[in-house]
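Taken together, the values in this text are just the output of simple stated rules run on the coordinates, not laboratory data. Here the structure is a predicted model, which means the values were calculated and not measured. Cβ sites come from the backbone with ideal geometry, for glycine too, and all protein chains shown count toward neighbours.
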Amino acid sequence: MEYFAKEYDVAVIGAGHAGIEAALASARLGVKTVVFAINLDSIGNMPCNPSIGGTSKGHLVREVDALGGEMGKAADKTQIQTRMLNRGKGPAVHSLRAQIDRREYSKYMKHALELQENLDVKQAEIVDIRKTGEGKWQLRTMLEAVYTAKCVVLATGTFLGGKIYIGEVSFESGPDGMFPAAKLSESLKKLNIPLRRFKTGTPSRVNRRSVDFSVLEKQEGDETDTAFSFETKRPPENKSFCYIAYTNDETKKVILENLDRSPMYSGKIEGIGPRYCPSFEDKIVRFPEKQRHQFFIEPCGLDTEELYLQGMSSSLPEEIQLKFLKTIKGLEKVEVMRTAYAIEYDCVDPLALKPSLEFLDLEGLFGAGQFNGSSGYEEAAAQGLIAGINAALKVKGEEPFILDRASSYIGTLIDDLVTKGCMDPYRMMTSRSEYRLLLRQDNADIRLTPYGYRLGLISEERYGAFLNKLKQIEEEKRRVTQTTVHISGELQNLLVSHGTSPLEKGVKLAELLKRPQLSYADLAPFDSERPDLPPEVFEQVEIELKYEGYIRRQQAQINEMRRLEVKKLPDDIDYNSIEGLRLEAREKLTKIRPHSVGQASRISGVSPSDISVLLIYLNKTGK
Amino acid sequence: MSTIAAISTGQAAGGIGIVRISGENALTVADRIFKSVSGVKLDKMKGYTAAYGKAYFENEEIDEAVALVFRAPKSYTGEDVVEISCHGGLLVTKQLLRAALSSGAVAAQPGEFTKRAFLNGKMDLTSAESVMNIISAKSEQAKAAALNTLDGALYKNISEISNSLKKRAAQMAAWVDYPDDEIEDLSDENLLFSLKSNGEKLKRLISRFDVGQAVIEGVETVIIGRPNVGKSALMNMLTGYEKSIVTSVAGTTRDIVEETVVLGGTVLRLADTAGLHETQDTVEKIGVDRTKQKTGRASLILAVFDFSESLTAEDGEIIRLCEGKNAVAVINKTDLVRKIDADAIKNSFKNVVFISAKQKKGMAELEREIEKVLGTDEFDASAATLMNERQYSCCKLAYEGICEAVRAVQAGMTRDAISVSIDSAIENLDILTGEKATQSVVNEIFSQFCVGK
């Protein structure tokens, strides 16, 4: 029989990467929070690749950390191999990625939730959600407990209406053999939430003892000083290896012969899969001219022999999976421990959300992570953090916290989702940001930590250290612009040997640092007064000098963009009553209800003249 | 708000043409393209004052001009405004606009001056409503017009350039976003080659703009010559030519301000033809000053000489006036006995043609010489042509983005910086064709590369 269990300010449904950040942020902002998971052993689970970071995702993790989120710290604690990707391609695209001990990560996160003040952690499947008469949300569990909350964050991941496909076999399931959230979708539909089906997939896990590493290429970690969290002071350690393997003609043959047994190709799956993360059979079909496909064999942890085959996700029948794996050099005797699968799930069309991640039409209800149509642990964490912050702010009666595109990848991610929507699971990419020269992983703290501090997610101590770093950067910049380097034989030799022109007269140190061919380290012998500063200070100074012209131009673009961003569009505008708007613009604006003129200008189908009309309307009505 | 500029006078040739510049940098922009005779900067002038001087485009003198300074909020838009008036003539006015656009102003959107006027409280509610209608009507029109042009050769041409750049951008993006996949980096050589060849294509489009404008909008043409050489006969011959189509535009201050003659592929706008007709019966006495004024605003001069007479001092003046301009020497009256020193003319004019207006001989040659001097002889109407200043300005910005990327590659900058310049080129081309830039690069990545885990 139904019973009333407890009252909360914020309830978070799901304790994956989005739910964790949402629950922690909300509780840390001082409101009474509860987080529900179908199985508490699934907290912070990595049902797909055992790694965190990567291009632009590494940026997201650094940004989450700069705002006071948990993901970076957890990843630093549990990493077993770290690489800084894209070295040599420019600082804007340097990205940190770490292989993670997935059980340790999960344990870390579960414990972090358990220790968090203001937060209760409960194993329960939410089967119903509805609004009470007093405007609160009421959640009912499978075991008939009823909870109320002022705000709810939906972070249901692939659990919501989850269904797994492996060849001709399919069954309702959450990820990694968990129970699915089978009933919640029904109640969401009653709330008129526009649900749709997306799908994703994961490759098989195999036993290390069955792999012949002697014929595979080893991939080692880098020596890097950088960790994900700005608070982690110890550089990452490399404790494990990855390996590179290749498919061949024989593999391709097996795939093509059995394509009709794939649920994707036989039309059983209606969900839309991610373009950036195709199944292996997809790769074969879409790029038939490719002779071989490279993939990675990654460790799942230090105390397990399970290995993850990155790049080999499949929904072919189990026997076919085994057959094609065995065609691969090094995997001839492979023992599969977990079979690859495709999973279809319910998620929302994110155009139904505001930039705060609250539903446009359902006050107090927020969405985050895969539920919003994104994909990836990092994208989920970023949204979870913002949804959690905004849920707590709402409870406190404060204005929502919205990051714009120019501030961060987080802002870009959310703006893309709620303004442009997504036709397939959305993955972050550096090319999605028009301001990527400014949105670097190295300056995430400079960009965002002041916000984190103001919100109350960054401690005084951390903020003090941050301000000190800023001061050091300013002082060092001043020093190099005032220090003159005189001509000497050694200096001229250095310049010539680095492929840059020798000097005609002495110059300021800053002028030399601006040259792309020269680094801080190169110039050390000619800079006797150099102070002893942390490497990240030198890094900032060097990047700011080298990219000065580009940075200035991007800053100018940003200033222009922000003029429209600060012009707010009231929630209750009736676009149909505004004369001069074109029909398409009316429809789109009515659906998306942008919060600012800037957001409106990014909606496809809204033209510059529509924007003019909006501006005039705003002035006319004095809004 | 950015500083905007546009031609504020109509498209027909009138006595003067005005380019209006509005925005917080209006005075700075105007100072870059206008130098007053007194040497006073517009920036230092008070509102409601005027300065006389010269307008420049890339350090070349365009025309004599008068600049009117309005200080915010006492102006049409409520912002700082400079109105530069020059001697009419579309080409001169357009050059002036282009000078403003390359000196920091951006092309005004349809109705933008009025919009700003409203936003700055210079206009009341009722006016505002009609402005909204105008804006939307104008933009529909502009859109339809753009679609028409974009359907054809220009769209194809721009898309080719844009797609080629997108391929490069996508390759660089995939290389960056998928470091573990087997994606090759573009070599500097390949990248430079691609950038430069696309840059060249844009440059060609940009350089064809003036010729294209001559074909599309017509060429401001004047006929000059001392009395009795047969100017009006030439006029009659042009307008009476079987291949020419003549239209008359009614003016407000005069009976006829302009006649348009379509000569082969070229549209000649014969300005001030009223003057020509008028002088027919009265004493022909066109002073040198008046002639000078007329040639100043013309893009094509037809200088008429008399075949049957020796060159006079007045002819000498005419020859000097034509120096450095697009001019064709028309030697009339070949039906009479030659007295003229034709070599002296040939030394001064690249394009010389002998006609007899009386016998209607030499028309085809005249047509050919006019096309040669304007460059319209090589103009391929089916080839891509930029139709208006907006398209021109988008192309120019795209070209600048490419040049910047080339410089960045050559300076050894990393790919992240280069890619931002290429993005800006793509964005400007996509503004021209109406697509969304970043989205299309992302789409390109997935269609081109087999990437992902």
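What the Cα atoms of the range A:1-58 give is an Rg and a Dmax of 14.4, 50 Å. Can you tell me which lysines have their Cα less than 25 Å from the Cα of A:Lys588? Leave out same-chain residues fewer than eight positions away. Partners found: A:Lys189, A:Lys190, A:Lys354, A:Lys420, A:Lys567, A:Lys568, A:Lys620, A:Lys623, B:Lys115, B:Lys138, B:Lys143, B:Lys436. Taking every DSSP bridge with both residues inside chain A, close to 70 percent are antiparallel.
In plain terms, the bigger the Kirkwood radius, the slower the diffusion; for the range A:205-342, with that radius from Cα pairs, at 37 °C and 0.692 mPa s, Stokes-Einstein puts D at 199 µm²/s. If the segment from A:Arg209 to A:Gln291 were pulled out straight at 0.36 nm per residue, it would be longer than the present Cα-Cα gap by 26.7 nm. Whole-Hz Karplus values for the range A:595-601 come out as 8, 9, 4, x, 4, 4, 5 Hz, taken residue by residue from phi with 6.51 cos²θ - 1.76 cosθ + 1.60 and θ = phi - 60°; glycine and proline positions read x.
Set the Cα radius of gyration of the range B:4-108 against 2.2 N^0.38 Å, with N its number of residues, and you get 0.93.
For the range A:460-550, the extents of the C-alpha atoms along the principal axes are 49, 29, 19 Å, listed from largest to smallest.
Regarding the range A:566-621, what whole-number volume in Å³ per residue does the convex hull of its Cα atoms give? Walk me through the intermediate numbers first.
Numbers: hull volume 4.0 nm³, N = 56.
Measuring per residue, one finds 71 Å³ for the Cα hull of the range A:566-621.
Taking the number of Cβ atoms within 10 Å of each Cβ as an exposure proxy, the fewest-first ranking of A:Met142, B:Met172 is A:Met142, B:Met172.
Restricting the GluC sites (Glu not before Pro) of the range A:203-256 to loop positions (DSSP other than H, G, I, E, B) with no more than 16 neighbouring Cβ atoms within 10 Å leaves A:Glu220, A:Glu223, A:Glu237. Partner lysines whose Cα lies under 26 Å from the Cα of B:Lys35, excluding those fewer than 8 positions away in the same chain, are identified as B:Lys44, B:Lys46, B:Lys54, B:Lys74, B:Lys94, B:Lys292, B:Lys294, B:Lys325, B:Lys396.
Distances between every pair of Cα atoms in the range A:473-623, grouped in 5 Å steps from 0 to the bin holding the largest one, split as 2, 8, 15, 14, 9, 6, 5, 5, 7, 8, 8, 7, 5, 2, 0, 0 percent.
Quick check on my link table: of A:Lys199/A:Lys253; A:Lys290/A:Lys329; A:Lys131/A:Lys591; A:Lys32/A:Lys150; A:Lys57/A:Lys252; A:Lys77/A:Lys233, which ones sit more than 19 Å apart, alpha carbon to alpha carbon?
Working: A:Lys199/A:Lys253 25 Å; A:Lys290/A:Lys329 17 Å; A:Lys131/A:Lys591 23 Å; A:Lys32/A:Lys150 10 Å; A:Lys57/A:Lys252 31 Å; A:Lys77/A:Lys233 11 Å.
Violating the 19 Å limit, Cα to Cα: A:Lys199/A:Lys253; A:Lys131/A:Lys591; A:Lys57/A:Lys252.
Using only alpha-carbon positions in the protein assembly as shown, the gyration tensor eigenvalues give semi-axes of 65, 33, 30 Å once each is multiplied by 5 and square-rooted (largest first). Here's how it looks for A:Leu353: its modeled amide H is under 5 Å from those of A:Leu360, which are all 5 or more places away or on a different chain. Would you tally the net charge around B:Ser356, using a Cβ to Cβ cut-off of less than 9 Å, leaving B:Ser356 out, and scoring K and R as +1, D and E as -1? Result for the local shell: +3.
Around the amide H of A:Asp222, modelled in the peptide plane, lie the amide H atoms of A:Thr82, A:Arg83, A:Met84, all under 5 Å away and 5 or more residues distant in sequence or on another chain. Any idea what log10 I(q)/I(0) is at q = 0.09, 0.10 Å⁻¹ for chain A, Debye with uniform C-alpha scatterers and no solvent? With one equal scatterer per Cα and no solvent, log10 I(q)/I(0) is -0.79, -0.96. For the range A:312-408, the percent of C-alpha pairs falling in each 10 Å distance bin, counted from 0 to the bin holding the largest distance, reads 14, 32, 18, 16, 15, 5, 0. The equivalent ellipsoid of the range A:1-108 has semi-axes of 31, 16, 10 Å, largest first, where each one is the square root of 5 times an eigenvalue of the Cα gyration tensor.
Less than 5 angstrom separates the built amide H of A:Ser51 from those of A:Ile100, all sequence-distant by 5 or more or on a different chain. Across all Cα pairs in the range B:33-85, the calculated P(r) in 5 Å bins from zero up to the longest distance comes to 5, 23, 29, 23, 13, 7, 1 percent per bin. Peptide A:429-439 shows a mean partner chain C-beta count of 5 within 10 Å per residue C-beta.
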